[in-house]
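Presented below is the structure to which this report refers.
The values are calculated or read from the model by the stated rules, or taken from the named source; none is laboratory data. Computed from a prediction, not measured in an experiment: that's the story for all the values here. For neighbour counting, all protein chains shown are included, and Cβ atoms are generated from backbone atoms with ideal geometry for every residue, glycine included.
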């Protein structure tokens, strides 16, 4: 390129004057097109590609058979046997992980090698399909690093998923010569089928020193709690068969056993159960007379009846998962996939991911001794719980069993949670199926605390320039016994608040906060000046509330500190004609919102409103200068799942929509705008969180036939 | 000219095309680009033949690993029993489940011997066990045995150390190698190494021990309990220190530690390093070298300065004002190698920052990174755990027993959810249900709602050939409610109930239960009650359908509380600044009488199964006390006052009966949570509100009102 343009340039001045103008333009156009084309080509070829297809470049297109061969001398070192006393604080080097702003461990994978012994015989199969999937998943995950020096966890590429396919001593030697082995510190091995005949150890027999083991058949004696990770035995059927989720409910069989090679003793016990309970128990076995070409693993038989496996699992409420020679059984995965509740009969078995998964919600564990009582035990499980277990079982399979990727990532996450406990995933996140996560609420103020009355409340008055009315509100509110501080939020940037000497003299501290912008959300900012839990938001024109009413409102809030407690109540209704939500301020028998022109609530909700309001609601409110109160009602109802509390009878309130009560014309646009807000917020929240109730709170003796002077709140409800 | 133009044009075009197709590829190999190649991640290769790889196990191998030639399950179990003993004990190998089958989970404690001194703490433990609902004085019935020898302090330098325990226990005929025994221990070994040595062979007994080393802990068998002092209250227990939920959790200090710095021996490393995180402002980490008698021997240069600092700050003040703390008050736990108390049931990750001792220096930065809402949740959770499981010896002992009971019947045990959600595992009885939706406490977390119907449960006491007039009227009124599913009459007056022909025809089924004339009977969990909500009524209660409807709608908003009609008036006396009453209207407690109240049926189970039998006997002996006990129970469980709703008119009941009931109850309470309930009583006095229909007595047309009849 350089040469071509240089040549053209040098000759250009001589050439161009000789050409006709038409040609000159033609040449210049041509030249610039070519130049542009070149630049574009360059950009297209090099720049974006270096990001987009970096994996293309680095992914070597080769076969697993082309990997380097490593010869293991017969006398190369063998690691110590696994150390049963290992725990994270003794055998794991946390310093490798360090404090990390993302709170993610870094995982390094050794590159694949083929190991042969002195005579050139290979030590094992190079790598299995599942282990390759597992390593690919780790490599594609956020945990992966290719920098061995920054890694906190090392995963050898030596495949030890199935101990039967290994030469134990040589595999151990292969591990010991890994570049960062260091007695296996921070190394993670994945094994699903441990042990071998005749005694079938419950953990991998390969000597591995301090390495962590993600194992598929641990018993309480081999599992190092808080160090090892118990994983499922992957069922290859998960990838082959697509079983659509079946709705929970009663199914054709009550108990089903589908395992093929049960110990005769177990089988006879199961058959006794069947004899006792008839049709509802189905015990399947291997088919003896299948025609050629039908895969035996996909069929089960009972007498002469042939059933498709794993489809038949969906026909039963409970499915038996009995231990075999090993504790971990691949059938567990199939059973969960079918949404059948597993009945686990394997004493001392550590269930998969038991460190984080609550198996009591998805399975029934029965001691081997109690097998004969299985039927009556299962009948005592309430129907509602069975349905929930069916859903839970399916969810466990979808989230943690369905692929090697799911298994690998859950394992790494568990180790990650141990290293960064303050960023650990919660019980709910691990265990709640999406539907439950969606419908359940976890109230941030869940502890039932009745705040001491002595604490009092802070009144926040949002004002712009109505000084006279503001002063009246301040004077009125200051009469409330439990008021502990008054905060005026001065929302007018063009005008200074009145001089100190002009403000009413009241018995509690009065503070004025000036804001930078005239925004409605300033009312809900968690000002440092608020030192009480209770906040009373009050407009600068609410002068009609009596001191008794406000004090009573505060008392009510103390009993319901996690709710909005307010005076004027409003309702949302479904408009069947328009097919959308409608705002209602008429005399209704129900309330679902209270206006924050006068409402008590917990200061925490100010924090939520300012920092955790979903979507663009906060900006939307500030832009429209309306509906901040509806937004607050949505927020509180959504996070607590509870209704508002409206206190005391209806009064004449000075607010735009209240004019209707005064007999004046209704501000139609205002109502339309408020309805729009409800629809907008409902779509942002993705649901309608507001709760409709039919009650309001009154003083105990309200309107009772009793001397007024003996009542604690006599001055209530006067118009 | 033309040819030349064409030539130039073609050259450009050709070179452009060439560059487009090959140039990029060529240029990539230049040094400039290959540096980038190094920067790019070297991922796990996508093998060309990955689809040809073999599975880790062929399907046959996966599905049929049970080799019939292997030892039979029974032989294997027998072999296991002989191998996994003592230090390798598990429930399956060292615990005799058959002892618990016939009589259920019963606990026997050895009779106390006169010459045997008991420490204050151990007497409290024994007292808790004897008051437990699982206690049995008969060793034949027992499933679990507790020694009368004080094994709490096994530091042989201590005054409480009991000698020759081995010989003593071997002489007990029931000892049986320690099978089905539970041994409590608080201290073992001595400074500097604090070994786990108890000085005797516990054999196959379950060890409930404070500060348990992970290494000697037998998972699923032993239990780690919290360390408590001899002053720890037997019952009730102090409420936690959290009085308010502040956000942001602004406390004076972010992180505090104050404690002994062991100069040598176990724990000295971390405690010596603690001063590195002290910044004197919001992170306070104080240590003292004064520990034992001879601390000056090991004294180092920092001791003097430390001791001065140590005296400057008051421990109580620090803990009250700190957001996080290490040791003593729960939130930051640096406990490498220790089993956290009740970790089998409690999810500590929800309540505390569990840190690694070796990353001590990172704790300040980690703690600062935690979101305020998480801190708020930690604070409340810690408080809940303290209240539910730690605040008294009773709670510690009962939690230990319940954990063991849960192991016996895994299918009838509490999920981690029930243990870690308010009101806690001790109050969620798995015998009632293991499904969260069946309890009154979990509707919101569970995403479900209480049933839409209720059962009216009427106690009839006046004998007669046919039901009394008030009873008939009541049945009429209640059955007209759209929410009523069934009416259950508890006939408790000694005589057989009238034949079915004498009962009124109603739209809902009416069932009659013959009671036993015991007052506590009205809170028995009858199987006939099939809805979540129970409307408890007395024969003489007079209620209108509107009242019932409105109260039920309110109850659905507060399913964990008692929602009742006030049956007494009380008033505020402004001169004496207290609640007062006239001679006609007695005490305040009457406001929550269950003569007409909605509550969740689970409270019948708690009343009958959770409360100690002695308390129910007491109630049977007194008149009109059982409903107060019910109120105390619900308040103790929920820590919330009941709800009152509008009532049309005052209910009539004899006052004298009421007064007598109160006096008796106040004098004779042996409630296990006496202190809790007294705290609750104080809260009841604060009750000042009543829930009315939204338009109650508002000046608006009657036609608009849903419950106009309530205003008459």
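Worth pointing out:
- Sole exception among (1) crowded, with 17+ Cβ neighbours inside 10 Å; (2) part of a loop (DSSP other than H, G, I, E, B); (3) within 14 Å of another protein chain (Cβ to nearest Cβ); (4) modelled with pLDDT under 65 for residue B:237, by number: (3)
- Spans of strands (runs of 3 or more DSSP E) in the stretch A:523-628 with at least 2 residues over 29 Å from the mean Cα position of the chain (by Cα) and within 30 Å of residue B:642 (Cβ to Cβ): A:534-539, A:569-575, A:598-602
- Any hit, the stretch A:250-266, residues being under 28 Å from the mean Cα position of the chain (by Cα) and surrounded by fewer than 18 Cβ atoms within 10 Å (Cβ to Cβ): no
- Subset tally (residues that are at the interface with another protein chain (Cβ under 7 Å from one of its Cβ atoms) and modelled with pLDDT under 70) for the stretch B:49-69: 5
- Whichever residue in the stretch A:465-490 is modelled with pLDDT under 90 and in a loop (DSSP other than H, G, I, E, B) and, among such residues, is farthest from residue A:518 (Cα to Cα): A:466
- The lone exception for residue A:451 - which of (1) surrounded by fewer than 17 Cβ atoms within 10 Å (Cβ to Cβ); (2) assigned to a loop (DSSP other than H, G, I, E, B); (3) modelled with pLDDT under 90 it fails: (1)
- Of the residues A:499, A:531, the single one that is within 14 Å of chain B (Cβ to nearest Cβ), surrounded by fewer than 17 Cβ atoms within 10 Å (Cβ to Cβ) and farther than 30 Å from residue B:695 by Cα is A:531.
- Candidates B:42, B:74, B:88, filtered to the one that is under 35 Å from the mean Cα position of the chain (by Cα), within 7 Å of chain A (Cβ to nearest Cβ) and at pLDDT 75 or above: B:88
- A single entry from B:467, B:498 fulfils the requirement of being assigned to a loop (DSSP other than H, G, I, E, B) and either in contact with a helix residue (DSSP H, G or I) (Cβ under 9 Å, 6 or more places away or on another chain) or within 11 Å of chain A (Cβ to nearest Cβ) (or both): B:467.
- Considered as a group, the residues in the stretch A:371-401 that are surrounded by fewer than 19 Cβ atoms within 10 Å (Cβ to Cβ), in contact with a helix residue (DSSP H, G or I) (Cβ under 7 Å, 6 or more places away or on another chain) and farther than 17 Å from residue A:253 by Cα include one that is farthest from the other protein chains (Cβ to nearest Cβ), and that residue is A:399.
- The set of residues in the stretch A:272-284 that are touching a helix residue (DSSP H, G or I) at 6+ places or on another chain (Cβ under 8 Å) and not in a loop (DSSP other than H, G, I, E, B) comprises A:272, A:273, A:276, A:277, A:281, A:282, A:283.
- Verdict on residue B:106 being in the same structural domain as residue B:176 (by the TED database), surrounded by 18 or more Cβ atoms within 10 Å (Cβ to Cβ), out of contact with any strand residue (DSSP E or B) (no Cβ under 9 Å at 6 or more places or on another chain) and at pLDDT 85 or above: no
- For the stretch A:325-333, the criterion of being touching a helix residue (DSSP H, G or I) at 6+ places or on another chain (Cβ under 6 Å), part of a strand (DSSP E or B) and farther than 18 Å from residue A:433 by Cβ is met by no residue.
- With respect to (1) more than 10 Å from chain A (Cβ to nearest Cβ); (2) over 19 Å from the mean Cα position of the chain (by Cα); (3) modelled with pLDDT under 90, the lone exception for residue B:458 is condition (3).
- Here the strands (runs of 3 or more DSSP E) wholly within the stretch A:160-271 that include at least 2 residues being more than 14 Å from chain B (Cβ to nearest Cβ) and at negative phi are A:212-215, A:253-257.
- For the residues A:144, A:110, A:119, the requirement of being assigned by the TED database to the domain that holds residue A:183 and in contact with a strand residue (DSSP E or B) (Cβ under 6 Å, 6 or more places away or on another chain) singles out A:144.
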